[in-house]
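These notes concern the structure reproduced below.
The values are calculated or read from the model by the stated rules, or taken from the named source; none is laboratory data. These numbers were taken from a predicted model, which means no experiment stands behind them. Glycine gets a Cβ as well: all are built from the backbone with ideal geometry, and neighbour counts include every protein chain shown. Quick note on the areas: whole protein, heavy atoms, side chains included, nothing else; ligands and nucleic acids left out. Shrake-Rupley method; radii C 1.70, N 1.55, O 1.52, S 1.80 Å.
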Amino acid sequence: MDEELFFKKLNSLCTSKEIFCFLSSLEVMSDTMASGALQRISEIEVDDSGLKNPEGVLENEIFRALCFQFEFESSKLSNTGLLNAVQALVKLRIDPQSTLVASLLSEGEERLSKGQLSVENLCALGESLLELESPSYATLEQIMNHMQKKDIEKWSPREMVLVYRILQVIVKEGKKQYQDLLNRLNNVTLTIVSQLSPKFTSIILNSLVVLDQTQAVPLVTALCKHSVKHIPYFMGDELVDILDAFLYFGYHEQIFTEALETYVPKSIFTMHPQTVSKVMQYCCQKRILSKPIFDAVAESFISHGDRFTADQIAGYIVPFGTLNYLPPSASSLFRKLETILHARLSQFQPRTLLNLLHSCVLIQRYPVNFLPKIFSPYFLQRLQAQPPGLDRIATSQLIHLFLTVTLECPFYEGPKLLPKYQVKSFLMPRTSLDVHLLKRVKTGLLHLLKKRMYFASEVSTPYFYVVDIEIKLDEEGFVLPAAQREEVDRRIALCVDGQYRFCINSHHCLGEEAIKQRHLQLLGYEVVQIPFFEIESLRNRREVAEYLHKKLSPLIHRDSA
């Protein structure tokens, strides 16, 4: 039969039984046709769980006859027939140690060493090796050495993607001498980005992450922009790779967020929990408060949260606290969380449980039933033993929990945080000071109060928090020198909030800043927020001083400013 007619007929068949019946009707076929038949069988019979009908395929007489011929006539096969057969057999989960696969791979490697393989053949061999649990890194290196000599501009997108995948594996093994090839590959890939499928887009971005191609900014940017239109078509693991790349390269695109806001609410109940967790991690790290996404995620958790792993539960819930957002279904959401924690508390690793409960108190959801466990010496020892141990972040989370039960939960009578875990002061990474903004406010205060002695900056308090700017008042409202300790009746805490204390493109402050201001008020401070968006349009220190006067005039005596 003519090969073109053969493959047209072959691709119209939908079961391995039909294919075997078709093959039995042929008197003779080329090795290319035979290997193509094996490939078609592998496409039909293999899914994510493996070979669907092992007995119906592997025990079939025609299949066995084809394998026999491939094994014993490997040296006579064409390159295409040989390597397509290897690909199909590997995909069909035939044992790589079997004489069949071993002899075909050996023949392929021999032709590789003699330089007899085309780009297409090299890619077919490379793809087969990548499917094996323990590929030969030496052979993969050989393939790359041959590929380096080829004209990249003539490669197909599929061949480019495969080279990225092979390089990814080789570099993991510490082989880093391929940066020149990578540079050329990155430059050519940039010219074909618009042609890439969702799968190829995610594979290349994932490879660029693994290969640490931070210098390939034009390609990364083009791929990220290209990925926007594919959001509805990415498989779960592909979307995870895309989001990982956005996070790794620090890329943010408003149109990408808008595409997620359209896709996630519609697909939330069919999305894998791991994919949803990654979407929430992306929003959390980028400080993107997307109410459509968060509201949909809350509904999904209420419906299916008891099926999720401990890490997935934390992935769903922690961003609500970090971004200081309570969805409309908050009461049901946290009732569901409490039910799950009661049933499965032992499944949560110490760090995961601490992150989860800390996120709850940021948004005034008090997990008092579980705090005795958190404050127990046994739990704290386990927390210290789990990398990265009791670091600055974990310590500040414990202190937030301690302050919360002390200030906001007077009814709590359980154990408290042991004194040895209480540090004098702390600042969470996201709430670090905007030094430039602080300087502008201090300059305005100096203009307003006339002398630098009347206010202090970055003041450590006995209550673990650091106040950005503190002003002391006597009982009549007159400003006192910052160093004075007697006759202090009230204290004003100016919270100088730069943009990193807010959700992105928003006036909505993050959970860590919200809890700090709440606790300072409960500790007796008069809290005055100085947000960046109220200061940035002011042109000079006189305007800043006038702004501060309006903010402070209700609190201090009119003769003080």
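Report summary: the helix-based calculation at 222 nm, which adds -39500 (n - 2.57) for every DSSP H run with n ≥ 4 and divides by the residues of the chain, gives -17500 deg cm²/dmol. For E526, the amide hydrogen comes within under 5 Å of the amide hydrogens of R491, I492, A493, counting only partners 5 or more places away or on other chains and with H modelled in the peptide plane. Evaluating 6.51 cos²θ - 1.76 cosθ + 1.60 at θ = phi - 60° for every residue in segment 227-241, the Karplus couplings come out as 5, 4, 6, 9, 3, x, 10, 5, 6, x, 5, 5, 5, 4, 4 Hz, glycine and proline recorded as x.
Of the peptides 7-16, 193-202, the order by per-residue mean of other Cβ atoms within 10 Å, starting with the highest, comes out as 193-202, 7-16.
In segment 348-473, Cα pairs under 8 Å separated by at least six residues give a relative contact order of 21 percent. Taking amide hydrogens as placed 1.01 Å from N in the peptide plane, the amide H of F455 sits under 5 Å from those of A482, each at least 5 positions away in sequence or on another chain. Each peptide among 302-308, 320-326, 105-111 gets the average number of other Cβ atoms lying within 10 Å of its residues, and from highest to lowest they stand as 320-326, 105-111, 302-308. Angle of helix 119-131 to the longest C-alpha principal axis of the chain, folded into 0 to 90 degrees and rounded to 10: 60°.
Annotation: amide H of I469 within the under-5 Å range of E458, L494, V496, sequence separation 5 or more or interchain, hydrogens built in the peptide plane.
With a 1.4 Å probe and all protein chains in place, put D497, D295 in order of accessible area, largest first.
Numbers: D497 0, D295 45 Å².
So, going from the largest accessible area down, we get D295, D497.
Quick one: angle between helix 31-45 and the longest Cα principal axis of the chain, in degrees between 0 and 90, rounded to 10, please. Helix 31-45 sits at roughly 40 degrees to that axis. Looking at the chain, the accessible area is 47 square angstrom per residue; that uses a 1.4 Å probe and ignores ligands, DNA and RNA. 3J(HN,Hα) couplings calculated from phi for segment 435-451 with the Karplus curve 6.51 cos²θ - 1.76 cosθ + 1.60 (θ = phi - 60°) are, in sequence order, 4, 5, 5, 4, 5, 5, 5, 5, 5, x, 5, 4, 5, 7, 9, 6, 10 Hz; Gly and Pro show x. For segment 265-348, the relative contact order works out to 36 percent when only alpha carbon pairs closer than 8 Å and six or more residues apart are counted.
Taking all Cα pairs closer than 8 Å and separated by 6 or more residues, the relative contact order of segment 358-423 comes to 42 percent.
Expressed as a whole percent, the accessible surface of the chain that belongs to carbon and sulfur atoms is 49, based on a 1.4 Å probe. For the cross-link pairs K76/K199; K76/K114; K286/K336, the ones whose C-alpha atoms lie over 24 Å apart are K76/K199; K286/K336.
Computed from Cα atoms, the angle from the helix 350-362 axis to the main principal axis of the chain rounds to 50 degrees.
For segment 409-423, 3J(HN,Hα) computed residue by residue from phi via the Karplus equation (6.51, -1.76, 1.60; θ = phi - 60°) reads 10, x, 7, 6, 10, x, x, 10, 5, 4, x, 5, 9, 9, 8 Hz, glycine and proline entered as x.
Classified by the C-alpha gyration tensor, segment 258-331 has a rounded form. Its axis ratio a/c, with a ≥ b ≥ c, is below 1.5. In segment 470-561, which trypsin sites (Lys or Arg not before Pro) fall in coil by DSSP and have 11 or fewer other Cβ atoms within 10 Å? Here the trypsin sites (Lys or Arg not before Pro) that fit, given the DSSP loop and packing criteria, are R485, R539. Among K278, K416, the order of accessible area from largest down is K416, K278, computed with a 1.4 Å probe on protein heavy atoms.
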